[in-house]
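Written below as structure tokens is the structure these notes are about.
The values are calculated or read from the model by the stated rules, or taken from the named source; none is laboratory data. Fair warning: this is a prediction, and the values are worked out from it, not measured in the lab. Cβ coordinates were reconstructed from backbone atoms using ideal geometry, including for glycine residues, and neighbour counts include every protein chain displayed.
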Amino acid sequence: MLLSRLQTNLVGSLRARRLLLPKTCLRFQTTAGSDELHELHPLLLERAKKYAEELESLEQKMAQGTMNFDVEREKHFSRLSAVVDSFRRYSSEISTFRELQAMVDEDPTLREEAEQEIQDIKPNLVKTSSALLAQLLPPHPFADRPCILEIRPGVGGLEAMIFAQDLLTMYINYAQNKRWKHHLISHNENESGSGIVDAILSIDEPGAYDILRFEAGVHRVQRIPATETKGRTHTSTAAVIVLPQMAEDTEKEADSYERSFKPDEIRIDVMRARGKGGQHVNTTDSAVRLTHYPSGIVINMQNERSQHKNKAKAFAILRARLAEMEQKEKEQKARDVRKGQVSTIDRSDKVRTYNFPQNRVTDHRCGFNLHDMEGIMAGERLDDVVEAMRIFDSDMRAKELLKEVESHS
Amino acid sequence: MPRIKPSTIWKAFSLNKALPFLLPECRSISAAKQELHWIENECTSHRQVVQCCKLRYRHYPLQYILRSQPFGPLSVKCERGVLIPRWETEEWTMDLAQRLPASQKLQILDLCTGTGCVALLLKHLRPKSTVHAIDCSPLAFKLVSLNASSLNIDIQPVKLDILDAHAPNELPNFDIITCNPPYIPKSTFVKETSRSVKLFEPKLALIGETEFYSNLLDFWLQKTDAFVYEVGELSQCTYIHHRIAQNAQLSDLWRVGFKFDSNRQARVVFGYKRAHTTLNWEKVFEGFGELKH
């Protein structure tokens, strides 16, 4: 792999010299048009104004001190004030922007300076407007949850297993860079130990689900595998599943959750057969298989010495999967009501390509390109992709929302 | 049991030099790797790991090597000379503990306690109850006390031979008696137990036929409202069932049931008094196993 990377670098630099375009040799810049400014739709701004009014009335009520303390209301209040805060910032920035633009059009003497100023404040404005947009849209129901990442190799045999391992390392590094608490729930290596058969990573940071939920889908890799002897580039895939963590995977939680099922809904198998069992044998095998009949979910767990812990973990995963399934169904229903006017992001299965020879990562949903493979795989620049996806998602949802509002009015 | 292929041994060797030592007990590379991982977690040096694997090659139980065995949410210490807690015992103990009412101060007695696993788990999950743990082996008695203090669970260990006819007289009455007695008949011991059990686990805790079940019927039934006894085979369940059914006095008073483990083997025989008890045992044992009498 090292050799291939060296080669591509060499080839790249040679080509660059030939074309006398050294800038394209090592591009660390992103190519997505994230600095284009879209002014927010008036309907959305109206919504923000409504929030501001609501906040004002709520503040007045609170100032009178007649209401008792209520956690839900406090939460609502803090969300409102955050929205209104960014709304005010947005309106002040947009008005300066408009003034400057007017200046450019009207006053030729100040044109250059004004243009310079516009260039200066534009990135800031883009940021505020996207932040406001994200806040105005209804949050995902599991936005404040920690998350569970499941990674499995797809097509591509051993190379896919190696890539799955690489992805796992990437997410672990990402969590480490962010200083999030994380741990491996399950990690099954393949026989030679070079890749994984499956792995489940738990990221215990509240809100991690909201950030990482766009990672779900099939990740494609194009590179010359370490197992390849003739230097051909292969394409393999790995699947990432992102689940919201519904509760801490403590044993008490698992016990009470286990009892919430009817006995004929679930089946717990311990992987043992033959012989009389009991005192006759002392086995160390503690693998547990959990089957949930109504949904057809099967979960295997075997990493812990304690059967009890394996079971608790299996139940935590089951809970997360069921919650996600339910949410997906809800979304599907809502979409059916709208008769599928919009393409959505979660239906496309191939979400991202990691092209090692070109040192490029492409997200197929938002068309975002990043030319820094090492930074991505080390988890340092994953944030760029996540951010691009988040902007894309809020844009899409804003469009949906506007359509809905327009069709109603 | 099929032999291990030399190719498998070579493959294991190429992955890790200590891995082939684990193959005789684990049988497959994936299981051996899992076990090696557990051993590596507990050991500090590579040499220690290899030594542990070599012990394992001689069928020495992993639980004695690592000196512990998870039992429900607890990690129970294990030592040579005391029976290693089994997953079947864990299964029925967890089930039983969750059925007992948490609010009541129950008097629980655990016989043939060994490491004290059943007693410790019951007390851990139902802290309001009082739990006595009896074993005749001095090694077991020491280990129970050690486990109780290290897990910080307050149980009362007693060193007593329960087959001694006078033993029950000194004790008060109990709400429920649990027991995991030795239940492997001497005649089938060599044939039916695995090598690791045969070579390294105490025969005192393994070999027994029906003496503990008849002891239950003769002495302990008068002192308790309910009992839960582990068994090795169905004949031991039916032994208790028949003896209670045939005795006119007991037959009116007691209900008996069998419980099968998730490996579909007869694992537990339990019984409770129909009336005049502090607890509604019928409700507690509802769905625990099949009622036979």
Study note, to complete from the structure: Within region B:29-52, residues being over 21 Å from A:Asn190 (Cβ atoms) and within 26 Å of the chain's Cα centre (by Cα) number 2
**Study point:** Those helices (runs of 4 or more DSSP H) lying entirely in region B:1-114 with at least 2 residues crowded, with 17+ Cβ neighbours inside 10 Å and not assigned by the TED database to the domain that holds B:Tyr272
**Key:** B:6-15, B:19-26, B:29-42, B:46-57, B:62-66
Study note, to complete from the structure: Over region A:58-85, the set of residues part of a loop (DSSP other than H, G, I, E, B) and either under 23 Å from A:Leu136 (Cβ atoms) or over 37 Å from the mean Cα position of the chain (by Cα) (or both) is A:Gly65, A:Thr66, A:Met67, A:Asn68
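Going by the conditions given, is B:Glu88 at the interface with chain A (Cβ under 10 Å from one of its Cβ atoms) and among the charged types (D, E, K, R)?
yes
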Practice item. Considering only region B:162-206, state which residues are assigned to a helix (DSSP H, G or I) and more than 14 Å from chain A (Cβ to nearest Cβ). Key: B:Ala167, B:Pro168, B:Asn169, B:Glu170
**Study point:** Qualifying positions in region B:133-156 - crowded, with 23+ Cβ neighbours inside 10 Å and either within 16 Å of the chain's Cα centre (by Cα) or within 14 Å of another protein chain (Cβ to nearest Cβ) (or both)
**Key:** B:Ala133, B:Ile134, B:Asp135, B:Ala140, B:Leu143, B:Val144, B:Asn147
Practice item. Can you confirm whether region A:282-299 contains a residue that is within 14 Å of another protein chain (Cβ to nearest Cβ), in contact with a strand residue (DSSP E or B) (Cβ under 7 Å, 6 or more places away or on another chain), within 27 Å of B:His59 (Cα to Cα) and of a type in the set (Ser, Thr, Tyr)? Key: no
